[in-house]
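Read through the structure below, which is laid out as structure tokens, and then see the notes.
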Amino acid sequence: SAGFNPGGLASVPHPAISGTYSSGIVDDNVGSFSYVHPVRRGSLFIGALYYDGGDVTLDFPSGAQSTRKAQQDIVGLMGISLGRNHPVSVGILGKPYRFELAEEASASGIAVDAGLVYRTPCPQLTLGGSVQNMGSDVRFERDADPLPTTFRYGASYLVAFSPFSALDAANPYKIRLL
């Protein structure tokens with residue numbers, strides 16, 4: 001999945017489309033759409049993520065009220081993964097984003113994910129690692145916050161009774177990589 005390790009997309013055998021939508025209990029909505037297309041040496045990937053935080057009523061000092069969207073976020077996804085039929089595959093995913101709060105403040109920028117998958121000489125064992133959300137700080141008006149940079153690593157061991165045996169770990173760090 002591109003959401004965990006873009007290096008893993010190199011071995012996708014056929015074009016695939018995925019979409020999700022969920023409506024939360026507090027008037028929020030989240031959705032995603034993605035398409036992966038295999039090419040000779042790997043795969044190309046595009047997609048989008050959307051979040052709508054629902055409505056909020058603002059009370060102004062003058063006594064006026066206004067109903068606005070609490071939060072609206074959109075993230076584009078564009079990536080490539082190389083290493084089809086090789087023991088090592090690598091991938092990179094660019095994520096242009098735009099965040100908007102209460103229809104008043106907005107922030108935009110680009111985040112990058114990178115990943116690697118190693119298919120070991122032991123055919124049942126695969127290792128992987130990725131770094132997510134590398135990029136500049138998210139700035140609304142004056143204040144800025146770092147992206148939630150996360151280092152993710154994992155192992156998968158295929159056993160005869162279950163093709164879904166895996167171990168995954170993630171370490172979120174608030175550090176600046178770019």
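Values for this structure:
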read-out: Nearest-0.05 FRET efficiency for residue 150 and residue 58, computed from C-beta distance (R0 41 Å); value: 0.80
read-out: For the chain, projected area of the alpha-carbon convex hull averaged over all directions, nm²; value: 12.7
read-out: Sulfur and carbon atoms: percent of accessible area, the chain [1.4 Å]; value: 61
read-out: Dipole moment magnitude, nearest 20 debye, the chain about Cα centre, only Lys, Arg, Asp, Glu C-beta charged; value: 1100
read-out: Accessible surface, the chain, averaged per residue in Å² (probe 1.4 Å); value: 62
read-out: Spin-label zone in segment 1-33 - amide nitrogen under 17 Å from a point set 7 Å from the Cα of residue 41 along the C-beta vector; value: 7-12
read-out: Total charge dipole magnitude, segment 1-94, about the Cα centre, Cβ charges on Lys, Arg, Asp, Glu only, Debye to nearest 20; value: 700
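The values are calculated or read from the model by the stated rules, or taken from the named source; none is laboratory data. Source: prediction; values computed, not measured. Because the Cβ atoms are built from the backbone with ideal geometry, glycine has one as well, and the counts that use them run over all protein chains shown. These area figures cover heavy atoms from the full protein model, side chains too; ligands, DNA and RNA do not enter into them. Shrake-Rupley method; radii C 1.70, N 1.55, O 1.52, S 1.80 Å.
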